[in-house]
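Asker: Here you go, one structure.
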Protein chains: 4
Amino acid sequence: MNFCSDNVVGANAEILAALIEAAKGDTASYGNDPYTARLEKKLSDIFETKLAVFPVATGTAANALSLAAMTPPWGAVYAHNEAHILVDECGAPEFYTAGAKMVGLPGEHGKITAATLATTLTHSDKGNIHHNQPAAVSLSQATECGTVYTPAEIGAIDEAARSHGLPLHMDGARFANALIKLGCRPAEVTWKSGVDILSFGGTKNGALMAEAIVVFRLDLAETLAYRRKRAGHLISKQRFVSAQLCAYLDNDLWLSNARHANEQAARLAKGLIAIPGLQLLYPAEANEVFVHLPTAVRAKLESAGFKFYSWGPQTVDGGAIRLVTSFCTDSKSVDSFIDTVRKLSSKVA
Amino acid sequence: MNFCSDNVVGANAEILAALIEAAKGDTASYGNDPYTARLEKKLSDIFETKLAVFPVATGTAANALSLAAMTPPWGAVYAHNEAHILVDECGAPEFYTAGAKMVGLPGEHGKITAATLATTLTHSDKGNIHHNQPAAVSLSQATECGTVYTPAEIGAIDEAARSHGLPLHMDGARFANALIKLGCRPAEVTWKSGVDILSFGGTKNGALMAEAIVVFRLDLAETLAYRRKRAGHLISKQRFVSAQLCAYLDNDLWLSNARHANEQAARLAKGLIAIPGLQLLYPAEANEVFVHLPTAVRAKLESAGFKFYSWGPQTVDGGAIRLVTSFCTDSKSVDSFIDTVRKLSSKVA
Amino acid sequence: MNFCSDNVVGANAEILAALIEAAKGDTASYGNDPYTARLEKKLSDIFETKLAVFPVATGTAANALSLAAMTPPWGAVYAHNEAHILVDECGAPEFYTAGAKMVGLPGEHGKITAATLATTLTHSDKGNIHHNQPAAVSLSQATECGTVYTPAEIGAIDEAARSHGLPLHMDGARFANALIKLGCRPAEVTWKSGVDILSFGGTKNGALMAEAIVVFRLDLAETLAYRRKRAGHLISKQRFVSAQLCAYLDNDLWLSNARHANEQAARLAKGLIAIPGLQLLYPAEANEVFVHLPTAVRAKLESAGFKFYSWGPQTVDGGAIRLVTSFCTDSKSVDSFIDTVRKLSSKVA
Amino acid sequence: MNFCSDNVVGANAEILAALIEAAKGDTASYGNDPYTARLEKKLSDIFETKLAVFPVATGTAANALSLAAMTPPWGAVYAHNEAHILVDECGAPEFYTAGAKMVGLPGEHGKITAATLATTLTHSDKGNIHHNQPAAVSLSQATECGTVYTPAEIGAIDEAARSHGLPLHMDGARFANALIKLGCRPAEVTWKSGVDILSFGGTKNGALMAEAIVVFRLDLAETLAYRRKRAGHLISKQRFVSAQLCAYLDNDLWLSNARHANEQAARLAKGLIAIPGLQLLYPAEANEVFVHLPTAVRAKLESAGFKFYSWGPQTVDGGAIRLVTSFCTDSKSVDSFIDTVRKLSSKVA
């Protein structure tokens, strides 16, 4: 079983079927198609507000374009030290923003706090031309650590940001997983808590390649059409991205996918912490589980065909691994993984 | 019938089937999948040489990334005045190259000539720090005017470029259509004629969204992996782009698609020029036909359900239109279009 | 005598004296000094309006920063085909604007016309995301051809620009020379005619290295402080630029300098056209004279110690040369040049 | 007395005299003048090696251009957390490098260590396209904390950098001050210790506005001429920058200036630490002294006409201040400052 990432798996049959359907007949290109119109309508219903939608093929594009709409080149964008935009996008935000500064903030379990942000902004020397100027805040929901911000936490962060005039971006590559954990309405955890632009993920949760930049603060949408085109992220046959996202939203497929993934992660977490000596790094709130394993156990798991990535610093005695579940993770594989770890751990002990 | 563009149509059943097949099972993400490996092998066989391949979702991305690999920010890139990179990409090349200058050259039928390029380069003030420095040449094959460069023409352009140390890029959004017209081997019209990087198109010729940057001069490939990632054009589930391209190449689907499109364009052209008073703007060598039509005729064609775009300046009396055929244009629609024009023209006359 | 450029000469004694004076005592750095405050006051008086001033060390910096304040990265900036920003700054505008497109317009004697601009803007496809968007217009005053726009001409160009929402930049590297020719008030030929930002030149007209970005439309000044700092063009001991400019403006030194230079150019022009067979390329309205000379004459002039640059295409029989006068060109040298040409021309003839 | 910075003072009489001398006669512009040639010769003699020189008007320009010559846009540049390039240039390095990442490293007294760098580089994931790639290291000499790297320390850092293929930049805005402290030859602490490009400062040490990019690794100089021009940092009358630097180097003026400044800083430091309860933040090795002072003392110093900046976090009880000496700081002012602090401190105590 492959627990490396939620992007090593395929795609939902429903989404593939939608592509076949969308391939029929001719339609206007570059987004002037009925699939895109339907997508905007659906998202507007789901988020219970007027919004603008820009479908793109990757999460990095969604994030970098969103940030470019929020910051001047001399701006500073605040995010958690381990945020994808800071460490996993090879400088895409700097490229798209013409050189803005991504500023990492510390925080437990992959989450920044309103207090840390407020302190940082207080000392940010606003108006001093020698320093990058505070421009935006970006949160990952769910985080890189598989944890989830509550609406209250987001609201507090937004308050700190807003008091300095900063807009709020949410990297929602795993937004559905966060939503399932919270059990709240999409609006509550986004624009009602202050989120101005959401990178709404589809690819990691059942689509082939489909993300949407969802803009709640419509004045920020103004430049996105040009930015997207200019970056080569306006797909000529855009119907094929929009159709994926429509199928993803139809019949709450996105939610049932995420619910399944989260349940398998919870099953994994529960099974692993029941094994004496094993500890999770972070609470398993979405579809990721992080656990320390001795080197010997890891090697044998790999020999047994299990795949996963290392997480953080590794020593000769071992280190943490990351396990990611998805819409198609089956519970047998999960149980088999737990069993194998249990047996190996007792031997090692 | 919709003659607006070859991106208003759907996709080949074979390519859709390949997506369904590719959706099965797990595989490594970010291009480390067997589909991408197979794609590189196939392209290498087809082009009869070692090469590097970077699949992306759009032609603008393929072009802008290719040019960024060829020019420093202070470089000048030469292309035809009407080239897509100059007029239809909202400045994508400038964005990707950090501000290089795109220099338009004149030329009949959408093609630049070796002589014009040579003269331009002779007066380009190489080494003078006050001026942008000659850096690269880009050809569209087929051109925006539906015409095709012969290997001899490309070779001559390459000679002019090479004598000043400039690499050669080919925008092959409609490469298959050009190849069908030429009836030569892919290698002859690319690297054997001096092409260093080819934007190899799939989307306009049957794919959903699939293009490949094909790099023949391998030292130019060095930075492309980072540039692509940083631009958000590295697709996490890249298998879904590579699988499209594999199916596109399998059983020469790309060639039969292009052959069909070219044949329909030729049928259109033949039918239209047989109508008294009608003249083509350019020879119809690929899958595009350009013709002047009186305003009255155009309006009635549109009323009759035919769709197409205007081309160039329009006056009250009329102007040129562009008709684009594709892998799924049927000859009945073509004949119907011709018949309608013939009837309308006789009435107008 | 060196007629190569107005930047091959030294500087006014008054300006040098001002540097010595400014070197006394300590003062706040980065522009918070009394010299800069006095400069802003003086320019405000001279231009009879409230304005913002950003002193910099080069004209290229002044131009590129000004344009960056006016255009988004996907903008198009219109200027004459031979404008300094298009051909002599190695792509500085593209660098500073993060890749905007500089669009050259034709026009006699180095000047664009309102009509050409209006036609171009009408066909600029505003709002079409595939194309760079009209963003700004830039005029050189005096032009690269030594000609001068009248207030009426600028007003008409501004009207064409304004009707499409475009701001107007003026490259005034030789602003004083233009002003002398026009004999009007500085306000008339700038903000009263629609100019929003002026690159106000000092270096070519007696300063060592001192230019000022003069912003009339104050909302455009907002970002310039950050842009300038970020580009390394905020001089730490800014008093030394501001002091140059204050001395330049004191006692109308800038105007007497320019008057002298223009007079010498007029003397040159008058003398040269009196020689049978000689013709000026453009009316000599400022401090530059362009004239065709046979190759043999040119070579002998150079042997006689006269220095000048070629202008435009050169053939075996000759070509045009550019002669630039400055605040310190003496009439003896001018007469000697004319005499030498006259003698050589009669021999050649 | 003004201890705010070494850029609040004027300029050496010798340097002003050189400007007057340089203003005589005509000479080629854009660096093709004898002053620039002499500058290159002098620097070559002083550094005992072949080198390339690019005079510019500001230290930010020197730094940002140097870094741009060393890193691709997806590179990571390592420097101390408090380095000028990281915190005081409003993102100039990101602008010039087209978005490279400046990575701050911790280190006592404003200095990074070879060990910290080596560890960081070991975990930098070289070759992983998802992460910015290690590209360059930048050291400040003297540092922002007024401390100085020894040749051995630089050599060790260079070894760590070189083993990963990284070039070494030195921000030498206060290079002369560091050199005086070390008492070594300029070559020892630069290219012989691995420095590839040096931002050689003049402005803070007696010039009006004059810095030089000194390139030891000549292949890195290749692009600098274009980068400088394109940034508007090629001064047309460059003789006026080069003449400043020539006078700065003539008769070891730069060294006597720095010696004087360092001596005054040492005098300040010695006087202050002799006062009971006062402590320096860092060893005063160059021309800066950092000391904690109670709020009450600070306020009274300011009332007494002394000027200085706060340094780091300030509380109601006080905080650190920075005192900078220069070529023209007189010892009376220094003694007066010390006396005043002594008296105020005893009263406060």
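The values are calculated or read from the model by the stated rules, or taken from the named source; none is laboratory data. The structure presented is a predicted model; accordingly, all values stated were derived computationally and were not measured. Heads up, the Cβs are rebuilt from the backbone with ideal geometry, glycines too, and the neighbour counts pull from every protein chain shown. Ligands, DNA and RNA are excluded from the accessible area calculation, which covers all protein heavy atoms including side chains. Shrake-Rupley method; radii C 1.70, N 1.55, O 1.52, S 1.80 Å.
Asker: Which of the residues that make up the stretch A:244-273 are more than 16 Å from A:VAL324 (Cβ to Cβ) and among the polar types (S, T, N, Q)?
Answerer: A:GLN244, A:ASN251, A:SER256, listed by residue number.
Asker: Can I ask one more? Quick check on the stretch D:204-262: of everything there that is of a type in the set (Asp, Glu) and farther than 23 Å from C:THR60 by Cβ, which residue is surrounded by the fewest Cβ atoms within 10 Å (Cβ to Cβ)?
Answerer: So the residue we want is D:ASP219.
Asker: Go through the stretch C:142-152 residue by residue and tally those that are open to solvent by 10 Å² or more (accessible area, probe 1.4 Å) and closer than 19 Å to C:ILE85 by Cβ.
Answerer: Count: 1.
Asker: Can you pull out every residue in the stretch D:112-139 that is more than 8 Å from every other protein chain (Cβ to nearest Cβ) and crowded, with 22+ Cβ neighbours inside 10 Å?
Answerer: Matches in the stretch D:112-139: D:ILE112, D:LEU117, D:PRO134, D:ALA135, D:ALA136, D:VAL137, D:SER138, D:LEU139.
Asker: Taking C:ASP6, is it more than 8 Å from chain D (Cβ to nearest Cβ), in contact (Cβ under 8 Å) with a residue 40 or more places away in the chain and more than 20 Å from the chain's Cα centre (by Cα)?
Answerer: No.
Asker: For the stretch C:75-85, how many residues meet the condition of being open to solvent by 30 Å² or more (accessible area, probe 1.4 Å) and of a type in the set (A, V, I, L, M, F, W, C)?
Answerer: 0
Asker: In addition: Would you tally the residues in the stretch C:96-111 being at the interface with chain B (Cβ under 8 Å from one of its Cβ atoms) and open to solvent by 30 Å² or more (accessible area, probe 1.4 Å)?
Answerer: Going through the stretch C:96-111 one residue at a time, the tally reaches 2.
Asker: Could you give me the residue pairs with C-beta distances under 6 Å whose first residue belongs to the stretch C:232-243 and is closer than 21 Å to D:LEU65 by Cβ and more than 8 Å from chain D (Cβ to nearest Cβ), whose second residue is among the small types (Gly, Ala, Ser) and buried (at least 24 other Cβ atoms within 10 Å of the Cβ) wherever it lies, and which are 6+ apart or on separate chains?
Answerer: Qualifying pairs under 6 Å: C:GLN238/C:GLY31.
Asker: Still on this structure, please answer the following. Quickly run through the stretch C:169-192 and pick out the residues that are small (Gly, Ala, Ser) and open to solvent by 10 Å² or more (accessible area, probe 1.4 Å).
Answerer: C:ALA173, C:GLY183
Asker: Still on this structure, please answer the following. Tell me yes or no: at least one residue of the stretch D:85-98 is over 22 Å from the mean Cα position of the chain (by Cα) and farther than 30 Å from D:ALA156 by Cβ.
Answerer: yes
Asker: Further question on the same structure: Out of the residues in the stretch B:86-95 that are of a type in the set (A, V, I, L, M, F, W, C) and touching a residue at least 24 places away in the same chain (Cβ under 8 Å), state the one that is most open to solvent (accessible area, probe 1.4 Å).
Answerer: Ranking the candidates gives B:PHE95 first.
Asker: Tally up the residues in the stretch D:30-74 that are surrounded by fewer than 22 Cβ atoms within 10 Å (Cβ to Cβ) and among the polar types (S, T, N, Q), please.
Answerer: Adding up the residues that qualify gives 3.
For (1) more than 10 Å from chain B (Cβ to nearest Cβ); (2) within 23 Å of A:SER256 (Cβ to Cβ), each residue gets a yes or a no:
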position	(1), (2)
A:ALA11	no, yes
A:GLU14	yes, yes
A:ALA17	no, yes
A:LYS24	no, no
A:THR36	yes, no
A:SER44	yes, yes
A:PHE47	yes, yes
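Asker: Which condition breaks for A:ALA231 when tested against (1) closer than 28 Å to A:VAL9 by Cα; (2) touching a strand residue (DSSP E or B) at 6+ places or on another chain (Cβ under 6 Å)?
Answerer: The number of the failed condition is (2).
Asker: Counting only residues that are farther than 12 Å from D:ILE112 by Cβ, among the aliphatic types (A, V, I, L, M) and touching a residue at least 40 places away in the same chain (Cβ under 8 Å), how many does the stretch D:125-144 have?
Answerer: So the count comes out to 3.
Asker: Out of all the residues in the stretch C:92-117, which are of a type in the set (A, V, I, L, M, F, W, C) and within 15 Å of C:HIS80 (Cβ to Cβ)?
Answerer: If the condition is that a residue be of a type in the set (A, V, I, L, M, F, W, C) and within 15 Å of C:HIS80 (Cβ to Cβ), then C:MET102, C:VAL103, C:LEU105, C:ILE112, C:ALA114, C:ALA115, C:LEU117 are the ones that fit.
Asker: Are there any pairs with C-beta distances below 6 angstrom linking a residue in the stretch B:150-163 that is farther than 11 Å from B:LEU139 by Cβ to a residue that is part of a helix (DSSP H, G or I), with the two at least 6 apart or on different chains, and if so which?
Answerer: Close Cβ pairs satisfying both conditions: B:PRO151/B:SER193; B:GLY155/B:SER193; B:ALA156/B:ALA114; B:ALA160/B:ALA114; B:ALA160/B:LEU117; B:ALA160/B:ALA118.
Asker: Any idea which residue in the stretch B:277-315 is surrounded by the most Cβ atoms within 10 Å (Cβ to Cβ), counting only those that are of a type in the set (Ser, Thr, Tyr) and touching a helix residue (DSSP H, G or I) at 6+ places or on another chain (Cβ under 9 Å)?
Answerer: My answer is B:TYR282.
Asker: Within the stretch B:250-264, is there a residue that is within 11 Å of chain A (Cβ to nearest Cβ), more than 30 Å from B:ILE338 (Cα to Cα) and part of a helix (DSSP H, G or I)?
Answerer: So far as the stretch B:250-264 goes, no, none of its residues is within 11 Å of chain A (Cβ to nearest Cβ), more than 30 Å from B:ILE338 (Cα to Cα) and part of a helix (DSSP H, G or I).
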